[in-house]
């Protein structure tokens, strides 16, 4: 996924100047590069529109400065502790790279069909996102589907059990836990007992009639 935005360079740094930039409708930011980092500002409205979609960490940001465009990714975002809106952004350049690491979120599919959840279990999510290594020229996924429709109580899904798009792989070489079904839930004995009680109640109602 790619998002384009225009930026302005800035020479003045510091808390006081950052406040002026925010009051003017922009967000102070920096682009980290091998040779020289660039201090910039980006339009608040445009960036927040993309940010609140929830996929900014899995998006290539095409930043245009004075007519020159470069590809970048978001490395870190500082948020206002009260409003939770971005107040500063750290970008990292993708120029000259063949592969980049992005953070894609997991989508858990089939929760309504999971035997473990139907029995009263709870879906424990160990990792909501994962770092993916992606060729920069490939279509970069913003999310990864994880099927939980067959999970029973105590079942787990590890990273090596999840299918990824072609040429995409997890950045971590070690497998990691994605989710599990926890909780005692209802046992088969409980279900049988409940069924028996319902049958008995039906029989009593029939006798009373």
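Could you work out which residue, out of 164, 97, 123, moves most in a Gaussian network model of the chain, that is, has the largest mean-square fluctuation with Cα springs under 10 Å? Looking only at 164, 97, 123, the biggest GNM fluctuation is shown by 97. When the chain is treated as a Gaussian network with alpha carbon springs shorter than 10 Å, the biggest mean-square fluctuation among 65, 27, 140 belongs to 65. Each 10 Å bin from 0 upward holds the following percent of the Cα-Cα pairs of the chain: 7, 25, 23, 18, 11, 7, 5, 3, 1.
For the chain, find the longest principal axis of its Cα atoms and tell me its angle to the long axis of helix 188-208, 0 to 90°, nearest 10. The answer is roughly 50 degrees. Taking the DSSP beta bridges in segment 2-97 as the whole, what percent of them are antiparallel, to the nearest 5? Within segment 2-97, antiparallel bridges account for around 70 percent of the total. The Cα center of segment 137-183 and the Cα center of segment 57-81 differ in position by 27 Å.
Considering only 26, 17, 99, the mean-square fluctuation computed in a Gaussian network model of the chain, springs between alpha carbons under 10 angstrom, is largest for 17.
Only the coordinates and a few stated rules stand behind these numbers; no lab work does. A quick note: this is a predicted structure, and the numbers were derived from the prediction, not measured.
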